[in-house]
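The values are calculated or read from the model by the stated rules, or taken from the named source; none is laboratory data. Just so you know, these numbers come straight off a predicted model, no measurement behind them. Quick reminder, even Gly has a Cβ in these numbers, built from the backbone with ideal geometry, and neighbours come from all protein chains shown. Please note that ligands, DNA and RNA were not included when accessible areas were found on the heavy atoms of the full protein model with its side chains. Shrake-Rupley method; radii C 1.70, N 1.55, O 1.52, S 1.80 Å.
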Amino acid sequence: MLAVKTIDEVRRVVHPAKQGGKRVGLVPTMGALHEGHLSLVHAAKSECDVVVVSIFVNPIQFGPNEDFEKYPRPIEKDLELCRQAGVDVVFYPEVQEMYPRELLTTVRVSKMTQTLCGKSRPTHFEGVTTVVTKLFNVVGPDFAYFGQKDAQQALVLRRMTADLDVPVTIRICPTIREESGLAKSSRNQYLNDDQRVQATSLSRALKEAVSLIKSGKKETSELIGAMETIIKTAGPCRIDYISVNDLETLEEVSRVQKPVVIALAVNIGPARLIDNIMVDAEGNEIIMFGRNVV
Ligand code: PAF
C-alpha cells in the first residue's frame, strides 16, 4: 500500500492506472476509521481495480463552535487498518496541501442542503461538496463510496455529480451498526458507557417509526411524536431535529406517501449523533446501493 500526502503523488500513481483501463474507486473519509468505513472499502474492492482512501479532516465543513480541533486523528492506526483491508493508495494531505491559498471558489448545492442538518449547520454541506469535488479532481475515480448513515451528504453529493456531469458513480452503502443498533460513527468515541446505551434510542426510535408506518400510520406528526418520546425517555439530550423528508428532494413531508428518509440528529453529552432509515410508503426499507438515479 502506498501512503502519500501530496496531490502530485496521488496523480502519479492513479492516472497511469486509469489510462491502463483500471477502474478506480475512491473512499473519502476524515479518518478515525471504523467498520463503517471498512465496509465502504470492501464495496470498492469488490468492483474496482485500484482503491484509494482519502483521510482528511476538512476544516471548511466544520462550523465555528464544532469539533474540528478535537476530531480524532489516529493516523497510524488508520493506515494500518487500510493496509489490512487491502487498500492500494491512502491520500492523507495536510490542510496546506488541500487549501494552499485563500479559497475563492466553492461548490454549493441549493435546497437539499437547507433542510435536516443544513438548518443547524448552514455552511457544512458547502464544505463537503467543495472538498469532495477537489478529491474527485485529484483522484479521478470511476466510483466513489459514501455511507447511508450520512444520508443527506450522500444524496447531496449524488445530486452534485448529476448536476455538474461529474464522471463518477456515487455508491451509497448501508449503515453499519453495533449489535445494540447504534450506528457506527467516529463521534461515538466521545460517548461514555451510559451515553452509549442512551444513544441506542436513535435506532429504536427509527424502528418504531417504521413499525407505525407498517401499521398504517402515515402522519409524520404522529411518527415524530412517538420518536421524540423514545429519545427523551432514554436520558438527557438535546434534539436538533427529528424529520421525515422526501427521499429525492429532501423536503419535509407531512404524510408518508412516497419514499422518505426518516432522519434525526440528537446531542447526547459531547456527541452530535445522526441516524436515518429510508422507507417506501408501506414502510419497506429502501436499500440505496445501486440506485444511482437522481
Ligand atoms: O463523511 C465524511 O467523512 C466527510 O464529510 C467527507 C465525505 C470525507 C468529506 O470531508
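Please tell me if Ala144 is open to solvent by less than 50 Å² (accessible area, probe 1.4 Å) and part of a strand (DSSP E or B). Criteria met by Ala144.
State the number of residues belonging to segment 24-41 that are open to solvent by 60 Å² or more (accessible area, probe 1.4 Å) and in contact with a helix residue (DSSP H, G or I) (Cβ under 7 Å, 6 or more places away or on another chain). Here the count works out to 0. Contact map, segment 73-90: residues that are touching a residue at least 24 places away in the same chain (Cβ under 8 Å) and within 19 Å of Val14 (Cα to Cα) paired with residues that are open to solvent by 60 Å² or more (accessible area, probe 1.4 Å) and basic (Lys, Arg), Cβ distance under 8 Å, separation 6+ or inter-chain. Pairs shown: Ala85/Lys45; Gly86/Lys45.
Residues in segment 147-168 that are open to solvent by 10 Å² or more (accessible area, probe 1.4 Å) and near the ligand (Cβ under 10 Å from one of its atoms) were compared, and the one that is nearest to Phe289 (Cα to Cα) is Gly147.
Ser46 satisfies every condition listed in (1) without any contact (Cβ under 8 Å) to a residue 24 or more places away in the chain; (2) in contact with a strand residue (DSSP E or B) (Cβ under 7 Å, 6 or more places away or on another chain) except (2). Scanning segment 82-135 for residues that are among the hydroxyl-bearing types (Ser, Thr, Tyr) and in contact with a Ser or Thr (Cβ under 6 Å, 6 or more places away or on another chain) returns Thr106, Thr130. Total residues in segment 118-141 satisfying the condition of being under 21 Å from Leu2 (Cα atoms), open to solvent by 10 Å² or more (accessible area, probe 1.4 Å) and part of a loop (DSSP other than H, G, I, E, B): the figure is 1. Being within 16 Å of the ligand (Cβ to nearest atom) and more than 20 Å from the chain's Cα centre (by Cα): is that true of Val10 here? So Val10 fits the description; yes. Answer with yes or no whether Val14 is in contact with a Lys or Arg (Cβ under 7 Å, 6 or more places away or on another chain) and surrounded by 16 or more Cβ atoms within 10 Å (Cβ to Cβ). The answer is no for Val14.
Annotation note: of Phe125, Phe62, the sole residue that is among the aromatic types (Phe, Trp, Tyr), closer than 24 Å to Leu247 by Cβ and modelled with pLDDT of 95 or more is Phe125.
Looking only at segment 230-248, decide whether some residue is at pLDDT below 95, under 25 Å from Gly147 (Cα atoms) and in a loop (DSSP other than H, G, I, E, B). Taking every residue of segment 230-248 in turn, at least one turns out to be at pLDDT below 95, under 25 Å from Gly147 (Cα atoms) and in a loop (DSSP other than H, G, I, E, B). Considering segment 33-59 alone, what residues qualify as being of a type outside the set (S, T, N, Q) and near the ligand (Cβ under 9 Å from one of its atoms)? Answer for segment 33-59, where residues must be of a type outside the set (S, T, N, Q) and near the ligand (Cβ under 9 Å from one of its atoms): His37, Ile55, Phe56, Val57. Do we have any residue at all in segment 55-67 that's under 13 Å from Val4 (Cα atoms) and out of contact with any Gly (no Cβ under 6 Å at 6 or more places or on another chain)? Checked against the condition, which is being under 13 Å from Val4 (Cα atoms) and out of contact with any Gly (no Cβ under 6 Å at 6 or more places or on another chain), segment 55-67 yields at least one hit.
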